Structure formats: structure tokens, C-alpha cells
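First the structure, in the form of C-alpha cells, and then the observations on it.
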Amino acid sequence: GKMAQDMTEKELLKMELDQLKKEVKNERQMVSKTGKEIKEYIESMSAEDPLLKGVPEDKNPFKEKGGCTIS
């Protein structure tokens, strides 16, 4: 489609209206409920979380294959 800067004001407003029509259908829940659920989920998955426990050297696809030597 067109880039936003190439659109008329009417086209931009229609796009925004279409987005709002989609968003209004989203089911809403209290943050006090969902925040607690998210926290519990994160804590339950922490044992497998590579950001918390790290990645073993032998399983790390991004580790250095060899050093470089400056002579």
C-alpha cells in the first residue's frame, strides 16, 4: 500500500478508524488480574529462561568459533 506521507487526510482518518474498529472488539481485563497472571507465568518459566540461567557454551550458536591473533 501507500506510505503514510503519501496518503490524504481522509485516507489516514479511514485507516485510523479501521484500526479503532478492530481494537474495540478486543476483550478487556483488569491489569490487577492480568499483571498477576503474567508474573506467575514468568516465574513458572524461569527455570527454562536463557536470559536468567544463561546458555550453555555447547548449545550457543553465536559463540566465537576461534580467537583472532594479532601479530
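Annotations
- Set side by side, the residues Thr8, Thr34 differ, and just one is β-branched (Val, Ile, Thr) and surrounded by 10 or more Cβ atoms within 10 Å (Cβ to Cβ), which is Thr34.
- Hits in the range 16-69 - residues which are at pLDDT 90 or above and polar (S, T, N, Q): Gln19, Asn26, Gln29, Ser32, Thr34, Ser44, Ser46
- Test: residue in the range 63-70 that is in a helix (DSSP H, G or I), out of contact with any Gly (no Cβ under 6 Å at 6 or more places or on another chain) and without any contact (Cβ under 8 Å) to a residue 60 or more places away in the chain: no
- Going through (1) among the charged types (D, E, K, R); (2) under 18 Å from the mean Cα position of the chain (by Cα); (3) in a loop (DSSP other than H, G, I, E, B) one by one, Glu37 falls short only on (3).
The values are calculated or read from the model by the stated rules, or taken from the named source; none is laboratory data. Everything numeric in this text was worked out from a predicted model, so none of it was measured. Virtual Cβ from ideal backbone geometry, glycine too; neighbours counted across all protein chains shown.
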